[in-house]
Amino acid sequence: MRKGQHRFVAGFLFIPVALYLIFVIWPYIQTFGYSLTDWKGQSQTFSFVGLDNYTALVQDDIFMGAIWHNILFLVFIPVITILLALFFAFMLNAGGRGRAGGVAGVAGSGFYKVVYFFPQVLSMAILAVLFGAVYRSDSGGMLNGLLVKLGLVDAGDPIEWLNEPDFVLWALILVVVWHGVGFYLVLFSAAMQSIPRDIYEAALIDGAGRAQSFFRITLPLLWDSVQTAWVYLGIAAMDMFILVSTMTSGEYGGGPDHASEVMSTVMMRNFLYYGKSGYACAMGVVMLLLTLIVSVVMLRATRRERVEF
């Protein structure tokens, strides 16, 4: 019977595993192989160059700068998004008081959840168009228009949010945070629904305030969800290709003067525009390794003993 069971399971796993190996693992292997060559992309002939592409990467100031920009995104996007999502989720689920004095969400919490989640239904391409209008460099832009109305900016000299090296990265971070807070708010809210109200009510009777309830009850019991959110946001921060390529200046974005460059835009520019496909494959391998390292480090750093109730 055990032999029959193993054959049955193997029969169901064979096709999915085969498809995964062909369409996921094999392209990774091919990419690594091409990264060791001088492949030009369209040419069928190429030569083996060993680790020359990886040596050139270390000496490429643009790519190294792009790595630092990704690190900046990696630090600020998860932290800001998770903090805001946790705060709103706590207020919508346990930030108010019920009619009998018990714990409840703030008034209208169901409506607020829908409103906060709305940005998540928009694709990144739509977000790029939407915030492109918000960040327009003339007084017709939504943000500049508001600042002009408030008298904080001269109408003849508006701020070029996406063309100023000091502002462009923070402008992109704001877009990602605005897009992601609603999704993780719903994620944390769903996790909070499993926390018994009796715990909050007991803490309330003992004189605990909202801050104490959050740090002593909510956060420890939501830690698994926070860990998952941190990994997904970290992976998103290591990408950023769509927003950077569509909202910033330059071939495949990265402007002004490479101030918003990320690894993916440098890779695509070398692959499609400069024809350095082997060099771009080396960048892809580095991106893969860095993403794996980030995921493992985040899982290790946020690992803690499970809190049960």
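The values are calculated or read from the model by the stated rules, or taken from the named source; none is laboratory data. The structure displayed is predicted, hence computed values, not measured ones. Here Cβ is always computed from backbone atoms with ideal geometry, including for glycine, and neighbour counts include all displayed protein chains. Surface accessibility is based on the protein's heavy atoms, side chains included, excluding ligands, DNA and RNA. Shrake-Rupley method; radii C 1.70, N 1.55, O 1.52, S 1.80 Å.
Taking the residues in the range 196-228 that are of a type in the set (Val, Ile, Thr) and within 24 Å of ALA301 (Cβ to Cβ) as candidates, determine which candidate is surrounded by the fewest Cβ atoms within 10 Å (Cβ to Cβ). Filtering the range 196-228 for residues that are of a type in the set (Val, Ile, Thr) and within 24 Å of ALA301 (Cβ to Cβ), the one surrounded by the fewest Cβ atoms within 10 Å (Cβ to Cβ) comes out as THR228. Mind counting the residues in the range 268-304 that are in contact with a Gly (Cβ under 6 Å, 6 or more places away or on another chain) and either over 19 Å from TRP68 (Cβ atoms) or open to solvent by 30 Å² or more (accessible area, probe 1.4 Å) (or both)? The qualifying residues number 2.
Taking the numbered list (1) open to solvent by 50 Å² or more (accessible area, probe 1.4 Å); (2) of a type in the set (Val, Ile, Thr); (3) modelled with pLDDT of 85 or more in turn, ILE67 passes all entries but (1).
Each row is one residue, and each column tells you yes or no for (1) at pLDDT below 80; (2) surrounded by 13 or more Cβ atoms within 10 Å (Cβ to Cβ).
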site	(1), (2)
LEU72	no, yes
THR81	no, yes
ALA89	no, yes
ALA94	yes, yes
ARG99	yes, no
ALA104	yes, yes
GLY108	yes, no
PHE111	no, no
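I'd like to check something: does the range 237-246 contain any residue that is in contact with a helix residue (DSSP H, G or I) (Cβ under 7 Å, 6 or more places away or on another chain), more than 30 Å from ALA171 (Cα to Cα) and either aliphatic (A, V, I, L, M) or in a loop (DSSP other than H, G, I, E, B) (or both)?
No, there is no match, as no residue in the range 237-246 is in contact with a helix residue (DSSP H, G or I) (Cβ under 7 Å, 6 or more places away or on another chain), more than 30 Å from ALA171 (Cα to Cα) and either aliphatic (A, V, I, L, M) or in a loop (DSSP other than H, G, I, E, B) (or both).
Take ASP257 and decide whether it is open to solvent by 20 Å² or more (accessible area, probe 1.4 Å), assigned to a loop (DSSP other than H, G, I, E, B) and farther than 17 Å from ILE77 by Cα.
yes
Selection of the range 153-168 for residues being open to solvent by less than 40 Å² (accessible area, probe 1.4 Å) and more than 16 Å from LEU127 (Cβ to Cβ) yields VAL153, PRO158. Residues in the range 145-174 that are over 23 Å from THR246 (Cβ atoms) and either touching a His at 6+ places or on another chain (Cβ under 7 Å) or not hydrophobic (A, V, I, L, M, F, W, C) (or both): LYS149, GLY151, ASP154, GLY156, ASP157. Could you list, in sequence order, the residues of the range 104-132 that are farther than 22 Å from LEU86 by Cβ and part of a helix (DSSP H, G or I)? Within the range 104-132, MET124, ALA125, ILE126, LEU127, ALA128, VAL129, LEU130, PHE131, GLY132 meet the criteria.
Need at least 3 residues that are touching a residue at least 24 places away in the same chain (Cβ under 8 Å) per element, so show me which helices (runs of 4 or more DSSP H) inside the range 133-228 make the cut, counting only ones lying wholly within it.
Working: elements: 142-149, 168-192, 197-205, 210-213.
Result: 168-192, 197-205.
Among the residues of the range 152-166, those that are more than 13 Å from ARG136 (Cα to Cα) and within 23 Å of the chain's Cα centre (by Cα) comprise PRO165, ASP166.
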